[in-house]
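Coordinate-derived values only; no laboratory data. These numbers were taken from a predicted model, which means no experiment stands behind them. Here Cβ is always computed from backbone atoms with ideal geometry, including for glycine, and neighbour counts include all displayed protein chains.
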């Protein structure tokens, strides 16, 4: 006489199998994160929202000031660990590639609530490009920033060409591609 599983046991086994497949898929999606969806913004291909923000140096800076150049805009905060890993890479890339006649500029927009932590982090990380403060997160909201770090590449006409959420180990290569910098690895001495 064979013991056949009950109907209830068969259903439980099927439910366990479905749950196992689903949880494995979700874990892989979380692990892969933004690599699955590098175009993180609905703004891609659309005009970037203009803004005027105060820099940590006291200047009022507008995105429109950079029309005619490609703008790399990085949203970050002093308390964000991945941001503190990304900003030194952006700073190094900028120092290695930016010249007075470059067709690009970088802006870092801090969403810290006050200037002091942003200024402290900018000083510690030696950021060579303007750092702006968006304490009320109005500009972050206009860009749909709900996670940081978040990076936007805005073309010379003011349209968002590329966006990315999260820290990317290949950030320098990605930026070289987006900014059309040829032979970046040779120019950087391969130090990444």
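Numbers for the structure displayed
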| quantity | calculated |
| --- | --- |
| The stretch 43-61, subset part of a loop (DSSP other than H, G, I, E, B) and touching a strand residue (DSSP E or B) at 6+ places or on another chain (Cβ under 7 Å), residue surrounded by the most Cβ atoms within 10 Å (Cβ to Cβ) | 48 |
| Residues of the stretch 114-134 that turn out to be touching a helix residue (DSSP H, G or I) at 6+ places or on another chain (Cβ under 6 Å), assigned to a loop (DSSP other than H, G, I, E, B) and touching a residue at least 60 places away in the same chain (Cβ under 8 Å), as a count | 1 |
| Residues of the stretch 156-169 that turn out to be surrounded by fewer than 16 Cβ atoms within 10 Å (Cβ to Cβ), in a loop (DSSP other than H, G, I, E, B) and over 12 Å from the mean Cα position of the chain (by Cα), as a count | 2 |
| Residues of the stretch 49-81 that turn out to be in contact (Cβ under 8 Å) with a residue 40 or more places away in the chain, within 15 Å of the chain's Cα centre (by Cα) and more than 15 Å from residue 129 (Cβ to Cβ), as a count | 3 |
| Test: residue in the stretch 135-147 that is touching a helix residue (DSSP H, G or I) at 6+ places or on another chain (Cβ under 7 Å) and in a loop (DSSP other than H, G, I, E, B) | no |
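The rows are residues; the columns are (1) surrounded by fewer than 17 Cβ atoms within 10 Å (Cβ to Cβ); (2) in contact (Cβ under 8 Å) with a residue 60 or more places away in the chain; (3) over 25 Å from residue 157 (Cα atoms).
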| residue | (1), (2), (3) |
| --- | --- |
| 83 | no, yes, yes |
| 86 | no, yes, yes |
| 103 | yes, yes, no |
| 109 | no, no, no |
| 112 | no, no, yes |
